[in-house]
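The values are calculated or read from the model by the stated rules, or taken from the named source; none is laboratory data. What you see is a predicted model, and the numbers here were worked out from it, not measured in a lab. Positions of Cβ are generated from backbone atoms using ideal geometry, with glycine treated the same way; all protein chains shown enter the neighbour counts.
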Amino acid sequence: MNEINLDLIDTTGEPPVTEPERQYYYMAKCREIISEKIREKQRPLYCQTRTFGCQMNAKDSEKLTGILKQIGYTEITQEDTIEPDFILYNTCTVRENANLKVYGHLGYLKKQKQRHPDMLIALCGCMMQEETVVEKIKKSYPFVDLIFGTYNIYQLAELIYERLTTKKNVIEILQASKDIVEELPIERKFSFKSGVNIMFGCDNYCSYCIVPYVRGRERSRKPEDIIKEIKKLVADGVVEIMLLGQNVNSYGKNLEQPVSFARLLEMVEEIDGLERIRFMTSHPKDLSEELIAVMKKSKKICRHLHLPLQSGSSHILKTMNRHYDKEKYIALAEKIRREIPDVSLTTDIIVGFPGETEEDFLDTLDVVKRIRYDSAYTFIYSKRTGTPAARMANQVPEEVVKDRFNRLLKEVQTISAEQTMKNVGKTFEVLVEDINEHDSSLVTGRMSNNSTVHFKGNQSLIGKIVNVRLDEAKGFYYMGTMEEE
Ligand code: SAH
Ligand code: SF4
Ligand code: F3S
């Protein structure tokens, strides 16, 4: 991306009205103030960003951190013992638990701010798009300095500038945005892999889900912008990318010149130097034959498909507004397994959706047993205010839900362990991601099918793709041995 050099910006004039120029102007303005503070304190100013949500939320955090670093902050992580001067929580509201976590942390931040009154606290992300949340924060957590939503993350510098110059708390939540502001700075968490947004928002309105309300209408980025970003990432050492969208299968439908997701994948595949392509998430209703064909012949698309089931009951799927039924889902999953035999299939399942009977639940278990997911995320239904499901009368009692949840989890784990066993003794290409958290003589890598494997190695392997023999399956992961070239 053609990032603008802040040193070349004239900060004496009026702010530009076009983006991203306006934000670069505010970054330069903020940097002047931050440098002054650094001189006064004679130490760096530290920032910390925390992500509470999904991969898209994490990608937003990288953009926000990019801006914070441009304006002069030094990034620290959660593990650092230094107290940050700027703390940013990028929130999620997909389930009640996600919200509770943020409130818990805010209680703790109150004390931190008493010790360190100069510290700036900012909240952004999906939770902030809910009016009741913002009201609650204003009332119960008035020490929060900056609140903004999901549509104006690109404005971080402008908002910080306003906070620093007016000394008033700044709350700026847009209700929608059609524009996609390109070419802002970004601070990547990993040097060798990166998420790439291909679309924003969601138009599917699954009846339990709050995402369409907090992320707005579906907007696709132009293929040329996506390709340009990926080429730049590859030039910068990235070998694996994950294309991100709430429903990547409907990518490109609303562009002036429509492009299918499968076609986009073909374009991305052509980028020299890029080794692996992942994507998240695929809605079963829009998964095309074309996509299966492209995946099948691809050398770079990873052998992993996350295909959220949500429920195995056709009746529940209908009230969930998922636009497929049990039979259609099974037929699709079986076709994928047939066409791409080494693919790993993973899923999301919700237990306890309003009106779910024992029979409906048995349908879910039945699909799980038939498809034999390599792994599955299981969730207890969480009532989200404003969604149609929250108004449904027949909510399922908690004890019933818990019992079903435990039964499902047991089934999912048993199958997943059996699936993992199948690959023991075989050798796979593995992208080394990190030093093992518990044993520093080991490294952790990821296979094309998204399984992780731990094996002897050191720092110099990080970011490299190596061959690893899987010696032992440990439920969700493997222990292995690297093979010499
Ligand atoms: N766009 C993705 C999902 C994003 S949210 C898709 O459709 O596949 C990730 C997962 O959270 C969903 O797949 C769903 O299983 C779960 N989820 C969403 N809303 C929920 C709710 N109200 N209660 C419980 N789980 C929920
Ligand atoms: Fe939510 Fe459904 Fe959109 Fe996924 S596709 S984000 S579950 S509304
Ligand atoms: Fe959560 Fe928002 Fe993602 S609600 S799951 S962070 S889109």
Problem - Search result, residues across region 11-33 that are buried (at least 21 other Cβ atoms within 10 Å of the Cβ) and out of contact with any helix residue (DSSP H, G or I) (no Cβ under 7 Å at 6 or more places or on another chain) - result: Y25
Problem - Selection count where residues are more than 16 Å from ligand 2 (Cβ to nearest atom) and among the acidic types (D, E), scope region 104-134 - result: 2
Handout entry: Of the criteria (1) within 30 Å of L431 (Cα to Cα); (2) in contact with a Pro (Cβ under 6 Å, 6 or more places away or on another chain), which one Y329 fails
Key = (1)
Problem - Among the residues listed as T378, T385, the single one being surrounded by fewer than 18 Cβ atoms within 10 Å (Cβ to Cβ) and polar (S, T, N, Q) - result: T385
Problem - Identity of the residue in region 335-357, of a type in the set (D, E, K, R) and touching a residue at least 40 places away in the same chain (Cβ under 8 Å), that ends up nearest to H304 (Cα to Cα) - result: D342
Completion exercise
E399 fails exactly one of (1) touching a residue at least 40 places away in the same chain (Cβ under 8 Å); (2) away from ligand 2 (no atom under 16 Å from the Cβ); (3) more than 25 Å from R303 (Cβ to Cβ); (4) not polar (S, T, N, Q), namely (1)
Practice task
From I186, I230, grab the single residue that is under 17 Å from L64 (Cα atoms) and not acidic (D, E).
Solution key: I186
Handout entry: Of all residues in region 276-297 being in contact with a helix residue (DSSP H, G or I) (Cβ under 9 Å, 6 or more places away or on another chain) and within 15 Å of M242 (Cα to Cα), the one that is farthest from ligand 3 (Cβ to nearest atom)
Key = M295
Practice task
Would you be able to say whether some residue in region 114-126 is assigned to a helix (DSSP H, G or I), modelled with pLDDT under 95, out of contact with any strand residue (DSSP E or B) (no Cβ under 7 Å at 6 or more places or on another chain) and surrounded by fewer than 22 Cβ atoms within 10 Å (Cβ to Cβ)?
Solution key: yes
Exercise for the section: Test T364 against the criterion of being within 15 Å of ligand 2 (Cβ to nearest atom) and either among the polar types (S, T, N, Q) or touching a Lys or Arg at 6+ places or on another chain (Cβ under 8 Å) (or both), and give yes or no. Expected result: no
Handout entry: Single residue of L156, L100, L146 found to be within 24 Å of A58 (Cβ to Cβ), hydrophobic (A, V, I, L, M, F, W, C) and surrounded by fewer than 17 Cβ atoms within 10 Å (Cβ to Cβ)
Key = L100
Fill in the blank from the handout: Per the filter on region 169-207, residues under 28 Å from T77 (Cβ atoms) and not in a loop (DSSP other than H, G, I, E, B) are V170, I171, E172, K193, S194, G195, V196, N197, F200
Exercise for the section: Can you tell me which residue among V211, V196 is under 19 Å from the mean Cα position of the chain (by Cα), modelled with pLDDT of 95 or more and away from ligand 1 (no atom under 16 Å from the Cβ)? Expected result: V196
Practice task
Name the single residue, out of those in region 208-235 being part of a loop (DSSP other than H, G, I, E, B) and surrounded by fewer than 20 Cβ atoms within 10 Å (Cβ to Cβ), that is farthest from ligand 3 (Cβ to nearest atom).
Solution key: K222
Practice task
List every residue pair whose Cβ atoms sit under 9 Å apart, with the two residues 6 or more apart in sequence or on different chains, where the first one lies in region 316-334 and is within 29 Å of R391 (Cβ to Cβ) and the second, anywhere, is basic (K, R) and not in a helix (DSSP H, G or I).
Solution key: I316/R322; Y329/R322
Fill in the blank from the handout: Here the qualifying pairs (Cβ atoms under 7 Å; residues six or more apart or on different chains; first in region 215-229 and on the phi > 0 side of the Ramachandran plot; second of a type in the set (S, T, Y)) come out as G216/Y151; G216/S177
Practice task
Could you grab the pairs with beta carbons closer than 6 Å, sequence gap of 6+ or different chains, first residue in region 41-68 and of a type in the set (V, I, T), second one within 16 Å of ligand 2 (Cβ to nearest atom)?
Solution key: T51/N57; T51/A58
Exercise for the section: Could you tell me whether region 359-370 includes any residue that is modelled with pLDDT of 95 or more, farther than 24 Å from V94 by Cβ and hydroxyl-bearing (S, T, Y)? Expected result: no
Exercise for the section: Identify, from the list M242, M199, the residue that is touching a Phe, Trp or Tyr at 6+ places or on another chain (Cβ under 6 Å), within 15 Å of ligand 3 (Cβ to nearest atom) and in contact (Cβ under 8 Å) with a residue 40 or more places away in the chain. Expected result: M199
